[in-house]
Every structure is written in C-alpha cells, then in structure tokens.
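A quick write-up on the structure given underneath.
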Amino acid sequence: MVDTDRTLVIVEDDADFATTLKRSFERRGYEVYHAATAGELEVILQDRTPAYAVVDLKLAGASGLACVEALHTRDPSTIIVVLTGFASIATAVEAIKLGARHYLVKPSSSDDIEDAFGRAEGDAGVALTERPTSIKTVEWEHIHQTLVETNFNISEAARRLGMHRRTLARKLEKRRVK
C-alpha cells in the first residue's frame, strides 16, 4: 500500500481480539484507535476521520451495521471491512449497501484484513458453489435478517418469526453468535 494516511479504527467488543489486531496493525505502521461500542466510535469520529476501519458485526448485543453507516456517512472514502463470526447473505448485502468494502468471516488474520483494504474491485472469477443452499442455512439467514431488523432484540425477533423466545434462544445458542 502506498497510501500515506494509515489511520485505522477497530470497532470490536472482544478486548483480547481487538488488542491483538491493534498490535498487529501498529507493527505494520498504522495509527490505530479502538472502540468497543458505537458510542465510543462516535467519540473517536469527533476528532478524526480514519482512512480504514475494521468493524465487528455484533457488538455486545448491538449491530455493527450502525457503525458502518456512521463511518461511511463521516467519510465515504473510508475503507471499511466488516468481520463476523456468523456470516449471512442478508448482513453481507446490508454491510455493502451501508458502505463496507468487504465482509470477512472470523477468524480472519491481519493479512486477510489488509488484503481486503487493498482490493477495490470484486473478483468475477470466484468459483460458484455447486451445492445448493441447505434448509438450515436458509433458516439461519432468515433468523439473522430478522435479528438485524430488530437490532438483535431476541423477544421482538421471536415474535416476528412466530416462535417462542426460548426456542429462538436455543437456536442462537447452537450457532454461538459472536
């Protein structure tokens, strides 16, 4: 990368993972700021506009999509990479619509993230999967989309999905949403 502005904000509520990423990017010459919540990100954005951002999709029960939107609104040229432990088509589409450049599934290394910073174009050569989407995957994507729409409110999501809150909680426990 030849870019002279190497400011980076990491929006991640897992302190250990955030510290690891922060140290790794500092060794690569980035000036790194960390926010664990959307509120902390807003404080950082009052004083600076980062050239790069890494945003966790799920922040302590809240959606990182609001952070993607705030970063993009502040400066549309900020290169935003979204990380998630539970990928879904719905959230990938929303993240890109809100201004993210890439959407990576955890675990992703600093190399993966930095590669995503540098890729401005999509890859039409990406192999298409031959396997049809499973019912479980479709169900999970529908559940996740509803969770995003309800700002991760389990009771409201369960109501919209027409299932008992405990049933939804059990399904989420099996997927270990992080």
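What pairs in Lys58/Lys97; Lys22/Lys97; Lys22/Lys171 have C-alpha atoms more than 22 Å from each other?
Pairs exceeding 22 Å: Lys22/Lys97; Lys22/Lys171.
Whole-Hz Karplus ³J(HN,Hα) for the stretch 40-50, in order, using 6.51 cos²θ - 1.76 cosθ + 1.60 and θ = phi - 60°, x for Gly and Pro?
Each residue's phi maps through the Karplus curve to give 5, 4, 4, 5, 4, 5, 5, 9, 8, 10, x Hz.
Can you give the FRET efficiency for Thr7 and Ala62, using 1/(1 + (r/R0)^6), R0 = 30 Å, r = Cβ-Cβ distance, to the nearest 0.05?
Efficiency for this residue pair is about 0.80.
For Val43 and Val105 in the same chain, what is the full-extension length gain: residue separation times 0.36 nm, less their Cα-Cα distance, in nm?
Details: separation 62, 0.36 × 62 = 22.32 nm, distance 2.70 nm.
Gain on extension, Val43 to Val105, equals 19.6 nm.
State the antiparallel share, in %, of DSSP beta bridges confined to the stretch 1-123, rounding to the nearest 5.
Values: 2 of 20 bridges.
Rounded to the nearest five, the antiparallel share is 10 percent.
Over the stretch 2-45, what lengths in whole Å, largest first, do the semi-axes of the equivalent ellipsoid take, defined as the square roots of 5 times the eigenvalues of the alpha-carbon gyration tensor? Walk me through the intermediate numbers first.
Details: eigenvalues 69, 39, 5 Å².
Semi-axes from the Cα gyration tensor: 19, 14, 5 Å.
Can you return the aspartates and glutamates within cross-link range of Lys136? Criterion is Cα-Cα under 19 Å, with same-chain partners fewer than 8 residues away left out.
Glu173
Roughly how many nanometres apart are two label points built 7 Å out from the Cα toward the Cβ at Lys171 and Thr73?
3.1 nm
How much length would be gained if the chain were fully extended between Arg160 and Glu26, taking 0.36 nm per residue of separation minus their Cα-Cα distance, in nm to one decimal? If you can, show how the numbers build up before the last one.
Numbers: separation 134, 0.36 × 134 = 48.24 nm, distance 4.37 nm.
Length gained between Arg160 and Glu26: 43.9 nm.
Spelling out what I want: for every residue of the stretch 74-80, take phi, set θ = phi - 60°, compute 6.51 cos²θ - 1.76 cosθ + 1.60 (Karplus), and round to whole Hz; glycine and proline get x.
4, 7, x, 8, 4, 8, 10
Values in this text are rule-based calculations from the coordinates and carry no lab data. For clarity, every value in this text was computed on a predicted model and none was experimentally measured. Here Cβ is always computed from backbone atoms with ideal geometry, including for glycine, and neighbour counts include all displayed protein chains.
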